[in-house]
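Have a look at the structure below, then the notes.
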Amino acid sequence: MMRTFAFLVCALGAPAIASDVVNCAPGPGALCVEKNLEAADLAGADLAMADFSRSNLRGANLRGANLRNADLDGTRLGGADLTGAVLVSADLTGADLRRADLRNAHLANANLIEADLRNARLDGADLRGANLTGARLDNASLRGADLRRALFDSAEFRSADTDDCVGCPALSEILQPPVPVVPR
């Protein structure tokens, strides 16, 4: 069951910046643009269609949260716990997801254009139909992830772990070093 929060509590028990709490009551369709919600505890929250664009959610607990169709464009989510979160059709264009935990997250049809997913954990994540154009997945773990119908144009997968990844045959080509062209 999803919960709706009227206020935020940070990981250490202190509220997030007071002005951001007053001006941002997370819930379905919430408008929380450019807010500092670092380390906020939003586990299990219903944040469907919320707008967190350009906000700081570094280290936030979003475990199991419903972020379906949410706008997270340019949001800083480094080190956030998004385990099992629902991000179906969410816009994560240019989002910073370095070292984020997205194990078993539902990212089908999500827009991850130019997202930074370096060192992220995407084990078992559902990325079917996701747009990863220009995304950085260096050193990311995609063990058992489902990337069928995902777009990878110009994506970087250096040292990514794709063991047991479904729909990743194209990744073997992406991961290969470029063949040098010898001029004649």
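The values are calculated or read from the model by the stated rules, or taken from the named source; none is laboratory data. Model, not experiment: these values are computed from the prediction. With ideal geometry, Cβ positions are generated from the backbone for all residues, glycine too; neighbour counts draw on all protein chains shown. Surface areas here come from the heavy atoms of the whole protein model, side chains and all, with no ligands, DNA or RNA. Shrake-Rupley method; radii C 1.70, N 1.55, O 1.52, S 1.80 Å.
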Check: Out of segment 150-167, which residues are in a loop (DSSP other than H, G, I, E, B) and surrounded by fewer than 17 Cβ atoms within 10 Å (Cβ to Cβ)?
Finding: ASP153, SER154, ARG158, SER159, ASP163, ASP164, GLY167
Checklist line | Residues of segment 138-149 that turn out to be farther than 11 Å from LEU102 by Cβ, buried (at least 18 other Cβ atoms within 10 Å of the Cβ) and not charged (D, E, K, R), as a count | finding: 1
Check: In segment 84-93, which residue that is open to solvent by 20 Å² or more (accessible area, probe 1.4 Å) and part of a loop (DSSP other than H, G, I, E, B) is nearest to ASP41 (Cα to Cα)?
Finding: GLY84
